[in-house]
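The values are calculated or read from the model by the stated rules, or taken from the named source; none is laboratory data. Values in this document were obtained by computation on a predicted structure and should not be read as measured data. All Cβ positions, glycine included, derive from the backbone under ideal geometry; neighbour counts span all protein chains shown. For the accessible areas, the whole protein counts, side chains as well, though only heavy atoms, and no ligand, DNA or RNA atoms are used. Shrake-Rupley method; radii C 1.70, N 1.55, O 1.52, S 1.80 Å.
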Amino acid sequence: MEREMWQQSSTPDPVNLSYRISSLEYPIHNSSNYTSSAFSTSFLRQNDLYQQQYNCIFLCMVLLLPTLCYSNNYVSRTAYYTTPDGMGIPTGACGYGENGKDVNNGEVCAASKRLYKNGAACGACYQVRCKDKGLCSDEGTKVVVTDTGEGHGTDFILSYRAYAKLAKQPNMAQQLFAKGVVEVEYRRVSCKYGNLMLKIHEHSKYPHYLAIVVMNQGGATDILAVQVSFYHINKEETKEWISMRRVYGAVFDLSSPPSGELNVRFLTSAGAETKWVQSDKAVIPAEWKAGATIETFSSLRHENTSVITY
């Protein structure tokens, strides 16, 4: 990944570029008003000059498009935490347990309250890289949010393994660790580390109390809410959807859940788009058991055609 793709755009506004192109098109467009006697050699040379300028600006726009598309980059600071194995921790605020320790090969992070969004951003993926060109790689590291926490002016606290990935070379990692806190650029990205799963939380008590953990949500979407409904065998209709309560992080619960199979749907947000998504595979069995996991669809990305949207 080229470093230029990460930089804040300092290129002209696309609107201004369009205006400049229009101003060059005007004399060319109006050349049709000339009679055949007006097409002198000097006019043709001028026309060629305008066309060359037009082609030059068009080429510049094509070359600048990748930079303009990477305008959603932000600047902050990041620190790191240590564990015996350099991985994540099983006690993160998202409630992932051991999965939160190992997910994404242990390249995880605690996000600030602003990015954590009261747990809606659990499972979010961010590409983070530090700004010291002498020490930091162009690609940086891709981390998954499994916890919340912040220091002075930081938005991320990375696991030891993730922080080491910021370095340009493995032997430079210790220099970054010596700094403790570094300035970074970051952006939200999608990521793939397994299909979306529902885990019946260990504290669930069949059939009176149901709690679930939503895992592997795909990184690019926030989960704003979860609902369940009774699933009829004939599939002709379902009862009214019942909202589950967000207990903390990615953990949702429901007292006195309906009996029988339960359809599950998710209210997701990706940028300005918010919608409910559902899959035929997102079904909690009638005789659910604490600790069981249910693999549903591949991800919650809105462009995924396997989900049913409402």
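Things to note:
- Stretched out straight at 0.36 nm per residue, the stretch from LYS281 to ASP138 would grow longer than its current Cα-Cα span by 47.6 nm.
- Positive end of the dipole of the range 144-219 (Cβ unit charges, origin at the Cα centre): among VAL182, LEU198, HIS152, the Cα lying farthest that way belongs to LEU198.
- In Å, descending, principal axis extents of the Cα set of the range 61-185: 48, 35, 27
- Carbon plus sulfur fraction of accessible area for the range 157-226, probe 1.4 Å, in percent: 54 percent
- Here each label is just a point 7 Å from Cα along the line to Cβ, and for ASN171 and THR293 those points are 3.9 nm apart.
- Per residue, the accessible area of the range 128-227 comes to 42 Å², computed with a 1.4 Å probe over protein heavy atoms only.
- Charge tally around ASN118: other residues with Cβ under 12 Å, Lys/Arg +1 each, Asp/Glu -1 each, net +3.
- Straight-line reach from LYS275: taking Cα to Cα under 18 Å and skipping same-chain neighbours fewer than 8 places apart, the lysines in range are LYS117.
- Too-long pairs where the Cα-Cα distance tops 20 Å, listed order kept, from LYS101/LYS142; LYS113/LYS179; LYS101/LYS192: LYS113/LYS179
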